[in-house]
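Structure first, commentary second.
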Amino acid sequence: MDYVKFSRDGEIVTITIDNEKALNALNAQALREIIEAAGMVDANTDRCVVITGAGKKSFVAGADIKEMKDITTEEGRELAILGNACMRAVETIPVPTIAAVNGYALGGGGELACACDIRVGGENAVFGQPEMGIGITPLFGGTQRLPRVIGVGKAKEIIYSGLRIKADEAMRIGLLNAVYPIDELMERAYEMAKRIAANSPIGVREAKASINEGMQVGIEDAMQIEIGHAAVCFGTDDQHAAMNAFVEKRKLDKFMNR
Ligand code: CO8
């Protein structure tokens, strides 16, 4: 892959958008490579994925404006379909994803961050949906996921006005879960990833699916979704081992993911 790096350290995967000279802007090839990288995550062995941008200035400064500046309506539609497929591929990675937002998260960058489960940022993180200023609308899921993450009113303000949201404000409105000095960002993101990885992989996976699926439907259907995912956890080796360890007042060595 030319624009995306995939690496694995034990149970933690890192996906890095690697086009630093263009502030990690996403061209069509990068979008395809992110889909490929998302597909490489293995729910049997990987426990958490950290997604970040190369360098210390930018997470992703949006879709590649140079690539799209002269495209036609039909080509725009194709790019939107590809961008949406890319964000959906990230959103449906079966294990938790943490966006480590190391600077600009504009346009497609904010959309990529919102396709992740959790966002942590450097003090230099800047979010924004600048599409209105360049004659388009967010179309890598921004009009759909941003309202789901921070609420409709604030999302509309950000999208309509092109407002730039800095790290402290992003944290205040729930767009970031935590903010760290940029030099500590990756270390802290991995700490969070390891905390997640130490928990029952089946429980974590089913919880992710339950939340993501349940958020798209009414509460009655959502409860059925939760019941289905909860039931899957019972009868597993991990559930038996962990509950027996609790009852016998001993520490469980490790979850087996089965
Ligand atoms: N696309 C292409 N190149 C970019 C982008 C981008 N989004 N962002 C930065 N770059 C490039 C610059 O052109 C520059 O390249 P070069 O050195 O060859 O001139 C290099 O990165 C460094 O950028 P700057 O010199 O501008 O760096 P600054 O520190 O001065 O500014 C900013 C940083 C503020 C991030 C600035 O680069 C900027 O405003 N970038 C554009 C941000 C933006 O508008 N993003 C939204 C794009 S639209 C989008 O993402 C919607 C998704 C839907 C796609 C629709 C398909 C049909």
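Residue-wise test of (1) over 27 Å from residue 195 (Cβ atoms); (2) near the ligand (Cβ under 10 Å from one of its atoms); (3) in contact with a His (Cβ under 9 Å, 6 or more places away or on another chain).
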{"position": "33", "(1), (2), (3)": "yes, no, no"}
{"position": "43", "(1), (2), (3)": "no, no, no"}
{"position": "46", "(1), (2), (3)": "no, no, no"}
{"position": "61", "(1), (2), (3)": "yes, yes, no"}
{"position": "89", "(1), (2), (3)": "no, no, no"}
{"position": "117", "(1), (2), (3)": "no, no, no"}
{"position": "143", "(1), (2), (3)": "yes, no, no"}
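Among residues of segment 128-140 that are over 18 Å from residue 175 (Cβ atoms) and open to solvent by less than 70 Å² (accessible area, probe 1.4 Å), those with a Cβ under 8 angstrom from a residue that is within 6 Å of the ligand (Cβ to nearest atom) and of a type in the set (D, E, K, R), sequence gap 6+ or separate chain, pair up as 137/131; 139/131.
Taken over segment 11-44, residues that are without any contact (Cβ under 8 Å) to a residue 60 or more places away in the chain and open to solvent by 20 Å² or more (accessible area, probe 1.4 Å) amount to 12. For segment 8-17, indicate whether the set of residues that are more than 27 Å from residue 206 (Cα to Cα) and at pLDDT 95 or above is non-empty. Yes, that holds for at least one residue. I need the full set of residues from segment 145-157 which are crowded, with 17+ Cβ neighbours inside 10 Å and either among the basic types (Lys, Arg) or within 13 Å of the ligand (Cβ to nearest atom) (or both), in order please. Once the filter is applied, which keeps residues that are crowded, with 17+ Cβ neighbours inside 10 Å and either among the basic types (Lys, Arg) or within 13 Å of the ligand (Cβ to nearest atom) (or both), segment 145-157 yields 145, 146, 154. Among (1) open to solvent by 10 Å² or more (accessible area, probe 1.4 Å); (2) on the phi > 0 side of the Ramachandran plot; (3) near the ligand (Cβ under 7 Å from one of its atoms), where does residue 55 come up short? Answer for residue 55: the failing condition is (3).
Out of 95, 60, one residue alone is of a type in the set (Val, Ile, Thr) and free of Cβ contacts under 8 Å to residues at least 60 places away in the same chain. It is 60.
Residues in segment 66-91 that are touching a helix residue (DSSP H, G or I) at 6+ places or on another chain (Cβ under 8 Å) and surrounded by 14 or more Cβ atoms within 10 Å (Cβ to Cβ): 67, 68, 79, 82, 83, 85, 86, 87, 88, 89, 90, 91.
The values are calculated or read from the model by the stated rules, or taken from the named source; none is laboratory data. Because the structure is a prediction, the values reported are computed rather than measured. Note that we place each Cβ from the backbone using ideal geometry, even for glycine, and neighbour counts take in every protein chain shown. The protein model used for the area step is the full one, side chains on, heavy atoms only, and it has no ligands, DNA or RNA in it. Shrake-Rupley method; radii C 1.70, N 1.55, O 1.52, S 1.80 Å.
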